[in-house]
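The values are calculated or read from the model by the stated rules, or taken from the named source; none is laboratory data. Predicted, not measured: the structure shown is a model, and the values here were computed from it. Every residue, glycine as well, gets a Cβ built from its backbone with ideal geometry; the counts of neighbours run over all protein chains shown.
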Amino acid sequence: MHRPDLSPATVSSALASAAPRSALATPADAPTLGDVLRHWQPGTAQLSRRVDPWPAAAFADLIGAVPPRLDPGDPLPPLWHWFYLLDHPAQAEIGADGHPVGGPFLPPVPGRRRMFAGGRLRLDAPIGVGAELSSRSAVVDVSVKSGRSGDLAFVTVRHELTADGVPVGTEEQDIVYRSEPGGAPPRAVPRPGTDAAEPTGEWRSELATDPVLLFRFSALTYNGHRIHYDRPYATQAEGYPDLVVHGPLLALLALELLRIHVPEQRVCSFAYRLARPAFVPARLIAIGGPARASAEITVGAQGAEPSLTATASLERKARPSC
């Protein structure tokens, strides 16, 4: 398994919002994250579900958007397959944070804390409503780096997507894990300042956030992570100033700019990076604009530095594949 060297800038971005805290004393011979993960051999997973209109229509209503056409064969908007390929672990398998205790892609990190860092999508053909959508997933990259709050494990999971047995694209997700030993005080994550310059761009949209919005998105994506709907847990156990806006929601809001402003073009690829979290009751602002055959987009809380930066490659809908 290839383990590339990630730049210090990447590590700093993942923890830009984390305030330093004093670490508990640990024995000199205590295993490091590198030791723990050196012999980790994650498995693979396969999921399959028919693309029915309900989840897509539910997400459009959630964000107050005009729903796409959802007749049989109509293309699903990019990344909306997230509402279909959902695992459903037994309740007995869920840990204190709301995530499963184990699984093929969850590293054996003591006191595991999880952060969504970004990803990439390549679409070779549209995913049609009514199709049998399937994914074959595996960990393709693991690396360990040191950040301001200790060692970090970067895990990249690749999902190979097929619709009715035909390959339609590949998605990669980057997840960052850190270890917070039992008994350690939670790190203190400050709320982003509100003195950043107001972003400008040819395209713009806004979305107000509140606990109900985040709870509904958690339900729609079957995401049990308590930082998104359980405020006492988010603030007391994980040290956040409030409920955390889902990283995937930020990515989907970025893609909404394309669906609204250039509906005649298809997204062939989409890459996004999460630099810092956003918290309720932030008003999220998506800003973007075209640049030749691509689009540059940022999403973040009003008056704060962007939480997500993204680039999409575009092509006019002259043929069914990119």
_One residue from PRO31, PRO42, PRO20, PRO27 being modelled with pLDDT under 90 and loosely packed, with under 11 Cβ neighbours inside 10 Å_ = PRO27
*Evaluate region 265-275: report whether one residue or more is over 18 Å from the mean Cα position of the chain (by Cα) and either farther than 30 Å from PHE154 by Cβ or of a type in the set (Phe, Trp, Tyr) (or both).*
yes
*Filter region 76-90 for residues that are more than 13 Å from TRP54 (Cα to Cα) and not hydrophobic (A, V, I, L, M, F, W, C); which is surrounded by the most Cβ atoms within 10 Å (Cβ to Cβ)?*
PRO78
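For every residue, the table says whether it meets (1) small (Gly, Ala, Ser); (2) at pLDDT below 95.
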{"position": "ALA234", "(1), (2)": "yes, no"}
{"position": "VAL244", "(1), (2)": "no, no"}
{"position": "GLU264", "(1), (2)": "no, yes"}
{"position": "TYR272", "(1), (2)": "no, no"}
{"position": "ALA282", "(1), (2)": "yes, yes"}
{"position": "GLN302", "(1), (2)": "no, yes"}
{"position": "GLU305", "(1), (2)": "no, yes"}
{"position": "LYS317", "(1), (2)": "no, yes"}
*In this structure, is LEU161 part of a strand (DSSP E or B), modelled with pLDDT of 95 or more, within 18 Å of the chain's Cα centre (by Cα) and within 20 Å of CYS322 (Cα to Cα)?*
yes
*Output the residue which, of all residues in region 115-136 that are within 16 Å of the chain's Cα centre (by Cα) and buried (at least 19 other Cβ atoms within 10 Å of the Cβ), is farthest from ARG226 (Cα to Cα).*
LEU121
*Identify all residues within region 139-158 that are among the basic types (Lys, Arg) and at pLDDT below 95; write none if there are none.*
LYS145, ARG148
*Residue satisfying all of: in region 53-111; out of contact with any helix residue (DSSP H, G or I) (no Cβ under 8 Å at 6 or more places or on another chain) and among the aromatic types (Phe, Trp, Tyr); farthest from HIS225 (Cα to Cα) among these*: TRP54
_Can you find a residue that is within 18 Å of the chain's Cα centre (by Cα) and among the polar types (S, T, N, Q) anywhere in region 231-250?_
no
*asked:* Just to verify a result, which residue in region 177-228, among those that are within 15 Å of the chain's Cα centre (by Cα) and aromatic (Phe, Trp, Tyr), is surrounded by the fewest Cβ atoms within 10 Å (Cβ to Cβ)?
replied: TYR222
*Would you check if there is a residue in region 95-116 being among the aliphatic types (A, V, I, L, M), in contact (Cβ under 8 Å) with a residue 12 or more places away in the chain and in contact with a Gly (Cβ under 9 Å, 6 or more places away or on another chain)?*
yes
*Total residues in region 164-179, condition part of a strand (DSSP E or B) and out of contact with any strand residue (DSSP E or B) (no Cβ under 6 Å at 6 or more places or on another chain)*: 3
